[in-house]
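The values are calculated or read from the model by the stated rules, or taken from the named source; none is laboratory data. All figures in this text were calculated on a predicted structure; none of them were measured in a lab. All Cβ positions, even for glycine, are placed from backbone atoms using ideal geometry, and neighbour counts span all protein chains on display. All accessible areas refer to the heavy atoms of the entire protein, side chains included, with ligands and DNA or RNA removed. Shrake-Rupley method; radii C 1.70, N 1.55, O 1.52, S 1.80 Å.
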Amino acid sequence: MTVMKPVPFLRWLCLVALTLGSVSAAPPFIEKIDLFESGKEDYAIYRIPGITVTKKGTVLVWCEARKNAKGDWGPIDVMMRRSTDGGKTWLPRQCIVHVEGELPVNSVAAAQNLDKPGDNTANNPVAIADRETGAVHFLYCLEYCRCFYMRSDDEGVTWSKPVEITATFEQFRKEYDWKVIATGPDHGIQLTHGPHKGRLVVPIWMSLGTGSHAHRPSVTSTIYSDDHGKTWQRGEIAIPDKPPYRYPNETVVVQLTNGNVLLNARSESDAHRRIQTNSKDGATGWTKPVFNDQLLEPICMGSIIRFSRKPDNDKNRIIFANPHNLDRRDGKAKEGVSRDRRNLSIKLSYDECKTWPVNKVLEPGYSAYSDLAVLRDGTILCFYERGRAGDATAKKPTSYAYLTLARFNLEWLTDGKDVPALDQRTNYGAQRDNFEVTGCEAFVIHPFNPGPGGTKPWVWYAPTIGHHPSTVNTWLLSRLLTNGFYVAGIYIGETFANPQSREQFAAFYRHVTKTYGLAPKVCLLAQSRGGLNHYNFAADHPDWVACIAGIYTVGDLRSYPGLKRAAPVYHMSEAELDGQLAKHNPVERLAPIAKAKIPILHIHGDSDKVVPLEKNSQAICDRYRALGGPMELVVVPGQGHNFHTAFFESEKMLDFIMRHSK
């Protein structure tokens, strides 16, 4: 037996379950970390943050690294950082766009003395994580007059040679004779459903360059790719520079549940509200733009991301961020003029961007541009510009000192009023097939990457009460999916492993191994009462089992649910079931499992009142070892039937499953 050292309570340690399989939601949490600081590492300022999460779960952030702090023109490179643990820790920065020599200067910038030869402005970077191919697509502009595309097939470690795609923008010339072009910034999107599923969509803006800072007047549109970035096409102009819309420019994008694509744009309109328009394909037929009264416009970049969508999740949710402020410290606020960039706030919509009932301040001080992303476990990431508090004494309208990453959950955003349902059909960002076997709901989740040598290892999770597994299983299952494992399960109801349910388990095994070609030996992942069916399945079919992994696993019907409750589903009296436990009780059916030498690992808390350690995992361990079977029991001190990370983020369990499923 292994006794774990006490583990500090981490941010999402949940309360003890009141009933088996029923646990409290994660408490609200928020964490912040500065990733870039102005004046450090040879750059005067870092601006224009962007963020995305790859198919495999790597977090990528990028920004413009500016040699001087004079504005959007001048010597600018593009920097990136990577995180492989959900944004908790970060690898060193890498420069992914830098141009040597002298680029031709943009004529409108030269006319306003904004740029000079050799400055080499790289601007407005945009990334899209491709959920189909796993690639990361990256677009950026040079001197606001040329556009380039490159891609990474190794999680942003290396990048392909840039390919110029300015010809796509040339298609706008007859309609709008631009002198300045810009992609995004922020992230682009890949359409996930509808007739154009797989399409890459990037918002863009264009300017005649005759006005202030060579960025005005301007219009917005999109460019798109239907072949994973190989070729790009122009869309129609979405928001024109016509009253009441003045100088629409930096635009963010999200796909709606009906398949439409919505643009949410910054402008310098007198209304000081964000502009929204939508299209059925993200390129053509844009609706008449409208101002959204709840989204204030201080004249600053915003960001938008989908958090969840029905029917895959319990609710439709879209998150938006921008500085929620229309004041100026200098008292010079007037229509169409920029307001102070502060009070960065996170908003939440449940009706596809029509209304925003939730609004919470993320950064009350100086805060400006931002971008949003969502991890598979539901953690929300906001990468944003943050200023120094001391600059407020000078009544500066803006301050750009840091690029900061905030990590928080939905519970923090909604003050615990909205909790991601644990009974949603979780897919962890992968393809999930739902079907029926013997009249029961079943599922198979496909891996992010193929198994080694064409193999198809798989994990069978039980119980799928309420369509579990849920978000609490994300840490383990997402890593297995990344390593080529399929994840599968069947919902048989509260049967407590009666003979009929065991036949349904066998039918499910035959179906998925035949239909999907899954490995003949499966790793059984038995959480709580899932142990009743999984141990009976292993006893009935030891040749079909590679290993058994258990989290506070039920091993004795007398302990849970008790013979009085179990007897009716066995169509027996309590006394009759007690007399036949040798045929049905996991702890008494270990002999064929031990004979097959099936390895077992359990993790169980010594304070579990729902499924007591001594009567379940400990009893199995003692008897299994006495029978000559290999088993390790990890005991977590002070923990009961809850969501502690010792149960759900166990490196030992991950290694055990991967090692014994080869």
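Things worth noting here:
- Once the Cβ-Cβ distance of ASP391 and LYS417 is raised to the sixth power relative to R0 = 51 Å, the FRET efficiency obtained is 0.90.
- Alpha carbon centroid spacing (whole Å) that separates region 309-335 from region 513-584: 50
- Of (1) 1.12; (2) 1.04; (3) 1.01, the label for Rg/Rh (Cα atoms, Kirkwood Rh) derived from the coordinates: (2)
- With a simple spin-label model that places each label point 7 Å from the Cα along the Cα-to-Cβ direction, the separation between LYS116 and ILE30 comes to 4.4 nm.
- For region 33-66, no residue has its backbone nitrogen under 14 Å from a point 7 Å from the Cα of ASP330, taken along Cα to Cβ.
- What separates the Cα centres of region 260-277 and region 71-122 is a distance of 27 Å.
- Computed with a 1.4 Å probe over protein heavy atoms only, the accessible area of SER83 comes to about 0 Å².
- Taking every C-alpha pair closer than 8 Å and separated by at least 6 residues, the mean separation divided by the residue count of region 135-263 gives a relative contact order of 19 percent.
- Taking region 531-637 and dividing mean pair separation by its residue count, relative contact order in percent (alpha carbons under 8 Å, at least six apart): 33
- Cα long-axis angle, helix 499-515 against the chain (0 to 90 degrees, to the nearest 10): 50
- Surface accessible to a 1.4 Å probe, per residue, for the residues of the chain, Å²: 38
- Between ASP153 and SER338, the C-beta separation translates, for a Förster distance of 56 Å, into a calculated FRET efficiency of about 0.85.
- Rounded tilt (10° steps) of 617-626 against the dominant C-alpha axis of the chain: 50
- HN-Hα J in Hz across region 279-287 - Karplus 6.51, -1.76, 1.60, θ = phi - 60°, x for Gly and Pro: 9, 6, 10, x, 9, 10, x, 5, 6
- Rounded to the nearest 10 degrees, the angle from helix 530-540 to the longest Cα principal axis of the chain is 50 degrees.
- Evaluated with a Cβ-only charge set (Lys, Arg +1; Asp, Glu -1), the chain carries a dipole of roughly 200 debye about its Cα centre, given to the nearest 20.
- Full-stretch length increase - ASP578, ARG565 - with 0.36 nm per residue and alpha-carbon distance subtracted: 3.5 nm
- Percent RCO, i.e. relative contact order, over region 77-116, from Cα pairs under 8 Å lying at least 6 residues apart: 33
- Gain upon complete extension [ASP226, GLU494; 0.36 nm per residue less C-alpha separation]: 91.8 nm
- Two-site FRET efficiency, ASP543 against CYS95, from Cβ-Cβ distance with R₀ of 51 Å, rounded to 0.05: 0.40
- Sulfur and carbon atoms: percent of accessible area, region 553-662 [1.4 Å]: 51
- Those lysines that a straight Cα-Cα span of less than 28 Å connects to LYS652, excepting residues fewer than 8 apart in one chain: LYS5, LYS55, LYS56, LYS88, LYS456, LYS521, LYS595, LYS597, LYS609, LYS615, LYS662
- Region 73-194 - percent of accessible surface contributed by carbon and sulfur, probe 1.4 Å: 53
- Net lengthening on full extension, ALA507/ASP351 (0.36 nm per residue, minus Cα-Cα): 52.0 nm
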